[in-house]
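Visitor: Here's a structure for you.
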Amino acid sequence: MRPRRYGDAGQAFPIYITVVGGLLFLAFAYFAVGQAAANRNDAQTAADAAALAAAQDRREQLAGAWVQNVLDPAKWEAIFGGVAEGLDDSCWRAYELAAQNDAEVVNCGGDGPLDYTVEVKTNDTVGDSIVPGTEEMKSKEFATAVIEPRCTFDLLGEGGGRDTLPLLTCKDREWELDPKGPEDLLPEPEDLFDVHLAD
């Protein structure tokens with residue numbers, strides 16, 4: 001009768017424990033990476049929304065300025081370039097949208113009158129994980145929204161006075177503006193300007 005062999009089984013058990021421990025460590029590590037990625041995604045979403053909101057508010061103001069000066073085509077070029085009298089800073093909309101996405105604005109501004117760059121920081125931290133220091137770590141991301149004029153006109157052509165106005169071409173549509181016509185026949189803000197995230 002052969003004696004039972006216990007040696008091999010005894011040697012395999014520590015290896016099994018080591019392998020299981022390693023797999024658990026990897027699982028926790030992947031979980032920590034997932035937490036960080038989700039937090040960064042939340043920050044990017046908040047930054048995108050905040051930048052777009054600020055740019056859309058500026059578009060509304062520029063469109064309003066154009067309507068006020070529709071009878072003075074000499075001011076159109078400046079308005080379509082993002083410059084008009086009485087414009088308010090639109091960063092308040094960025095703060096509002098960031099808060100709705102559980103984040104706060106770190107910085108808001110632009111390189112010119114037709115763009116807004118917003119940096120946000122999440123209110124939530126990455127959370128506890130096996131990676132040291134993540135307990136208090138918050139994600140920061142930024143986004144830039146661009147306001148793009150959609151219209152062209154020719155001040156040197158026919159029109160330009162108070163009786164006739166230049167033909168306004170906005171993408172695929174032409175607007176023959178009537179100085180004596182009702183305001184509700186004028187282009188909407190989205191007809192005059194496009195707003196999108198920078199590539």
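Please treat every number below as a calculation from the coordinates, not as lab data. Just so it is clear, the model here is predicted, and its values are computed rather than measured. Because the Cβ atoms are built from the backbone with ideal geometry, glycine has one as well, and the counts that use them run over all protein chains shown.
Visitor: Sorted by average packing, counted as other Cβ atoms within 10 angstrom per residue and highest first, what order do 51-58, 148-155 take?
Guide: Numbers: 51-58: 25.1, 148-155: 15.2.
Ranked from most to least packed, the peptides come out as 51-58, 148-155.
Visitor: Would you grab the residues whose amide H sits under 5 Å from the one on residue 107? Only those 5+ places off in sequence or on another chain, please, with H modelled 1.01 Å from N.
Guide: Residues meeting the amide H criterion: 119.
Visitor: Now a separate question. Non-local amide H neighbours of residue 195 (under 5 Å, H modeled in plane, Pro and chain starts lacking H): which ones?
Guide: 148
Visitor: Long-range amide H contacts for residue 141: which residues qualify at under 5 Å (H placed 1.01 Å from N, peptide plane, sequence gap of 5 or more or a different chain)?
Guide: Under 5 Å from the amide H of residue 141: 120.
Visitor: Let me ask another. Tell me, what is the FRET efficiency for residue 154 and residue 104 to the nearest 0.05, using R0 = 41 angstrom and their Cβ-Cβ distance as r? Working shown, then result.
Guide: Details: r = 46 Å, r/R0 = 1.12.
After rounding to 0.05, the efficiency reads 0.35.
Visitor: Still on this structure, I have one more. Does segment 49-115 classify as rounded, prolate or oblate by the C-alpha gyration tensor (a ≥ b ≥ c root eigenvalues; a/c under 1.5 gives rounded; else a/b over b/c gives prolate, otherwise oblate)? Provide the component values of the computation, followed by the final result.
Guide: Working: a/c = 3.59, a/b = 2.52, b/c = 1.43.
It comes out prolate by the Cα gyration axes.
Visitor: Same structure again: For a quick check: sort 120, 83, 105 by the number of other beta carbons within 10 angstrom, fewest at the front. Could you put the intermediate results ahead of the total?
Guide: Details: 120 34, 83 15, 105 21.
Fewest to most other Cβ atoms nearby, the residues stand as 83, 105, 120.
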